[in-house]
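Report on the structure given below.
Values in this text are rule-based calculations from the coordinates and carry no lab data. These numbers were taken from a predicted model, which means no experiment stands behind them. Cβ coordinates were reconstructed from backbone atoms using ideal geometry, including for glycine residues, and neighbour counts include every protein chain displayed.
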Amino acid sequence: MTLSDPGTGELHYPLPAPDPLDPPKEWAELRDRCPVARVTLPSGDHAQLLTRYDDVKQVLSDPRFPRVGGGQGARISDSGGVFDSDMASVLPQSGPAHQQWRRLVMRWFTARRMTALRPRIEAMADSLIDDMVAQGAPADLKAALGFPLPVWVICTMLGVPDSDRDKFSYWSDTLLNLTRYTREEIVAAQTEFLGYMQVHVRAKREQPGDDLLSELTTEPMADGTLLTDAQLVATGQGLLVAGHETTANMISKMVAMLLADRGRWEQLLADPSLVRTAVEEALRFDANPGIGMPRYIAEDVELTSGALPAGTTVMCSMGAANRDAGAFAGAEEMDLTRSPNPHLSFGSGPHSCLGQALARTELQVTLEVLLRRLPGLDLAVPVDELQRVEGLAVGGLRELPVRW
Amino acid sequence: MKVTVDEDRCCGAGQCVMLAPDVFDQREDDGIVVLLEAEPDAALHGAVREAADVCPAAAITVHEDS
Ligand code: HEM
Ligand code: HEM
Ligand code: SF4
């Protein structure tokens, strides 16, 4: 396609991507020629798409620009889902109140906590791989490992019993997949989820366990107040929505990228100490990270690529920014040794991903365990037969067929 | 090398601790960065520079010539 000309053609967003592991061709063109591009969202509303590293980083890290929502800024789609719902509108989304909530939850996501959690994550990964191996090859690595692992981890943090993990997976899936489910299905799932969480939170107040929600019932915020039931429910809900599908898809995409070029897998087998930088590079190189982060430009701002007037909705494409040759040498090459790797896959600044230490730990553990358990792992279908998932908020692969 | 951190900017992502646990820690109660070593050994300089480069909040400053 050719980049549309304001007034004549419209550039529809998200952009179509022809191949499962390659970015839309327009990314490079947009970065070069049209770094602030007017796009039409699925809702019919308009936004300005940012694709350059410096611009994306500047907007994401500017605390003045909140996420869109609550009637402020463009609507992403008509079907609801995380971008348009008032999913957690009882929690403060920006400013000092957001900071307070974030700091309270943050203590559960420190690097040290993650180190302590690591052996449990490893045991979960081992047990999921046991089951996959017992079923025999070929297997869908996404269904067997990528999808269950992060929801198991979050359920553990929330004190949710193992027997309810599958329900959680389904709810989480409906909450983030704006296009796969009908409005009714989304509403029904949200209602059920909310009901479950309300009961769960009340139970935790009465009988606290050794989990995040239990601790939050008694832990005051910096201003001395306690979180309300509704805020606790929203916290649990938010963590699941934020931490499940994102990580599940990233596990599958990471493994797919590493197996798509066998040399990468062999490089890791030969030197497993590259796992850390390989995970960062997979995060950077991800060609299908979802549509990016929308931001409402509340005040006029000057970017390297031009001025944005107050009232604009921008869509920050972290995926395109991560392949900006101005920020990364050899940006179009996957380099498992790249360091430093200041990719924007977790956002940047005050809203940047709260769960990034957990996500990194889950990705590193998954990779370590796979290298150790299944060194002969390989794709069971040609790369170009992998299929993308259509969800907007988080991109992924429908399945990841593997053998070993 | 001299390192400073800006607690107000820190968003508690823990990247620095994962990269250079001898130099950075996080407060137990809110995850905000704690500087353990303002003048780290030369052997740690690479990890500290990387932490400063990837800190999502740009909360770490490295002063090279001191
Ligand atoms: C624990 C995790 C999360 C919590 C607690 C949370 C909290 C919130 C809150 C409080 C709102 C309402 C905003 C308002 O009233 O102004 C909101 C909206 C939103 N969230 Fe989340 N968020 C979380 C994770 C995420 C993640 C991971 C994403 C994106 C990948 C995301 C994207 C959005 C967007 C785009 C909105 C605006 C939509 C709207 O309010 O109608 N959130 N979130
Ligand atoms: C590979 C996996 C993941 C990716 C790519 C990812 C990415 C993101 C992105 C892009 C944002 C929005 C940043 C912004 O608005 O500027 C975000 C926010 C957030 N993420 Fe993650 N995330 C991942 C895993 C997780 C996990 C495992 C959790 C927790 C269980 C989590 C919790 C959150 C929360 C709570 C927020 C909202 C932070 C806030 O509003 O202050 N994420 N994530
Ligand atoms: S990397 Fe930056 S934001 Fe994260 S804990 Fe360290 S100083 Fe804070």
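Compute the Cα gyration tensor for segment A:258-376, then decide on rounded, prolate or oblate, letting a ≥ b ≥ c be the square roots of its eigenvalues: rounded whenever a/c is under 1.5, prolate when a/b is larger than b/c in the other cases, and oblate in all that remain. Judged from the Cα gyration tensor, segment A:258-376 comes out prolate (a/c at least 1.5, a/b above b/c). Report the relative contact order of segment B:2-63, percent, no decimals, based on alpha-carbon pairs under 8 angstrom and at least 6 residues apart. With pairs under 8 Å counted, the relative contact order is 45 percent.
Calculated FRET efficiency, B:Glu64 to A:Thr337, Cβ-Cβ distance, R0 = 22 Å: about 0.40 to the nearest 0.05. Among the lysines of chain A, pairs at least eight places apart or on separate chains and with Cα atoms under 26 Å apart come to 7.
Summarising the overall dimensions of segment B:2-63 from its C-alpha atoms, the Rg and Dmax are 10.1, 31 angstrom. Distance between the modelled labels on B:Met1 and A:Glu302, one decimal in nanometres: 3.4 nm (7 Å Cα→Cβ projection). Across peptide A:233-242, the mean count of Cβ atoms from other chains lying within 10 Å of each residue's own Cβ comes to 0. As a rough guide to protection, the peptides A:238-245, A:293-300 ranked by mean Cβ packing within 10 Å, highest first, stand as A:238-245, A:293-300.
Of the residues A:Ala188, A:Met124, A:Val59, the one whose Cα sits farthest toward the positive end of the charge dipole of segment A:26-403, with +1 on the Cβ of Lys and Arg and -1 on the Cβ of Asp and Glu, is A:Val59.
When +1 charges are put on Lys and Arg Cβ atoms and -1 charges on Asp and Glu Cβ atoms, the dipole computed for segment B:1-53 relative to its Cα centre reaches about 200 debye.
For peptide A:350-357, the mean count of partner chain Cβ atoms within 10 Å of a residue's Cβ comes to 5.
With a ≥ b ≥ c taken as the square roots of the eigenvalues of the C-alpha gyration tensor of the protein assembly as shown, please select rounded if a/c is under 1.5 and otherwise prolate if a/b is larger than b/c or oblate if it is not? Rounded shape, in that the Cα axes give a/c under 1.5. Averaged over peptide B:54-64, the number of partner chain Cβ atoms lying within 10 Å of each residue's Cβ comes to 3. On the beta carbon distance between A:Val133 and A:Val381, with R0 = 22 Å, the FRET formula returns roughly 0.70. Residues whose amide H falls under 5 Å from that of A:Val301, counting only those 5 or more places apart or on a different chain, are A:Leu308, A:Ala310, with hydrogens built in the peptide plane.
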